[in-house]
Amino acid sequence: MNKQELLEFLKEKTRVVNIKFPCEIDFNGKDHTITIFMSNGVANNMQEDCAAFESWAVILRRWLKEFDKIILKWDYTKKEDLHYKRFLYRVSKFKQLFNGWFDVDENNRQLLDEVVDFSKEKCVLNAPSRVREEAVRLHKKATKENVLERQFISEAKALLSKVAGLDIAKIDRQLPVGVFHREIKAKNEVFPRRKSAVDIWGISKDHKTLNIFELKDSKNMKVGVISEIFFYVLLMEEIQKGTLKFGKTSKSRLKPENEIPITNKIKAYILAPRLHPLIDKEILQMFNRAFHNKGRRIEFGFLKFGEKLGRINYIEKCN
């Protein structure tokens with residue numbers, strides 16, 4: 001099957017007709033195997049559908065049972081690009097998690113030797129540089145999601161903590177995920193630092209579980225949300241294992257360098273009014289089963305919220 005034929009097959013299986021594949025990715029189905037081919041998309045922001053190979057891989061695996069193998073192939077020459085370095089890290093970790101059905105094309109496998117290994121290289125994570133409740137007020141062009149974030153850690157804080165089982169005193173927003181070699185300086189960047197952050201994070205009442213939330217408003221429902229939350233989970237797990245550390249003392253109200261390393265479990269939620277029509281509970285469970293089978297204490301979930309008169313009026317756990 002070529003790309004268009006696979007798309008039509010996906011529409012038939014999902015009964016969702018208003019979907020399309022990103023033009024920057026090619027798909028081909030042959031001999032029970034789907035090949036995903038990427039070029040410049042490997043250097044795009046991972047939340048964009050053209051870069052979100054993890055999302056497309058699990059979607060195709062979930063809905064197209066006739067194919068039992070998915071192969072990722074890419075062609076890209078700018079090896080020093082920070083997005084590309086992050087892409088290689090994501091590929092390596094995704095392959096480890098879903099090695100039963102996901103693989104990398106034989107011509108690309110040697111490139112995974114270049115993946116950063118935090119257990120061998122001294123890398124550090126950025127930390128918040130100011131109290132985040134004030135950030136929305138300081139930024140006149142705050143987006144809808146910025147406003148929602150602030151609501152979730154202020155007037156909707158009690159509601160969120162109750163539904164997710166959080167310590168109400170330990171919820172904050174905008175946790176940066178820029179990675180640096182040894183010291184936080186622009187010249188030391190390993191992964192991109194700009195516009196990369198966990199939207200909301202919090203600690204459970206027993207102080208053992210880190211909860212992270214990827215917030216999306218009703219106009220921002222991309223399949224790339226899966227790739228985003230997967231990457232954030234990977235970095236938080238590195239912090240828990242001690243292979244990655246925070247590079248400086250944060251200036252936020254809640255100190256991630258003190259709170260996160262002592263947790264031993266991660267719950268990662270998509271926080272949104274609805275999911276993309278190709279993403280359902282089974283896709284989240286695919287991750288949960290895979291993590292469980294690997295002995296990793298990580299769980300994906302979906303929290304649905306609603307608004308009334310511009311204010312969050314309910315949050316519902318949907319899995």
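Assorted remarks:
- Any hit, segment 244-255, residues being more than 18 Å from Pro176 (Cβ to Cβ) and among the basic types (Lys, Arg): no
- Strands (runs of 3 or more DSSP E) wholly inside segment 248-319 containing at least 3 residues that are of a type in the set (A, V, I, L, M): 265-272
A quick yes/no check of all residues on (1) of a type outside the set (Phe, Trp, Tyr); (2) in contact (Cβ under 8 Å) with a residue 60 or more places away in the chain; (3) touching an Asp or Glu at 6+ places or on another chain (Cβ under 8 Å); (4) farther than 18 Å from Ala156 by Cα:
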position	(1), (2), (3), (4)
Ile239	yes, yes, no, yes
Arg253	yes, yes, yes, no
Asn258	yes, no, no, yes
Ile266	yes, no, yes, yes
Ile270	yes, no, yes, no
Asn288	yes, no, yes, yes
Gly301	yes, no, no, yes
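- Of the strands (runs of 3 or more DSSP E) lying entirely inside segment 103-218, those carrying at least 2 residues that are surrounded by fewer than 21 Cβ atoms within 10 Å (Cβ to Cβ), of a type in the set (A, V, I, L, M) and at pLDDT below 90 are 166-176.
- Among the residues of segment 243-263, not a single one is crowded, with 19+ Cβ neighbours inside 10 Å, more than 23 Å from Pro128 (Cα to Cα) and among the aliphatic types (A, V, I, L, M).
- Candidate set from segment 20-53 (those that are of a type in the set (A, V, I, L, M, F, W, C) and part of a helix (DSSP H, G or I)); member that is modelled with the lowest pLDDT: Ala43
Listed here are the residues, each with its yes/no results for (1) free of Cβ contacts under 8 Å to residues at least 12 places away in the same chain; (2) out of contact with any strand residue (DSSP E or B) (no Cβ under 6 Å at 6 or more places or on another chain); (3) of a type outside the set (Val, Ile, Thr); (4) farther than 26 Å from Ile229 by Cα.
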| site | (1), (2), (3), (4) |
| --- | --- |
| Asn2 | no, yes, yes, yes |
| Lys11 | yes, yes, yes, no |
| Thr14 | no, yes, no, no |
| Lys20 | no, yes, yes, no |
| Cys23 | no, yes, yes, no |
| Lys30 | no, yes, yes, yes |
| Ile36 | no, no, no, no |
| Asn40 | no, yes, yes, no |
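- Of the numbered criteria (1) part of a loop (DSSP other than H, G, I, E, B); (2) of a type in the set (A, V, I, L, M, F, W, C); (3) crowded, with 20+ Cβ neighbours inside 10 Å, the one Trp56 fails is (1).
The values are calculated or read from the model by the stated rules, or taken from the named source; none is laboratory data. Everything quoted here is computed from the prediction, not taken from an experiment. Here Cβ is always computed from backbone atoms with ideal geometry, including for glycine, and neighbour counts include all displayed protein chains.
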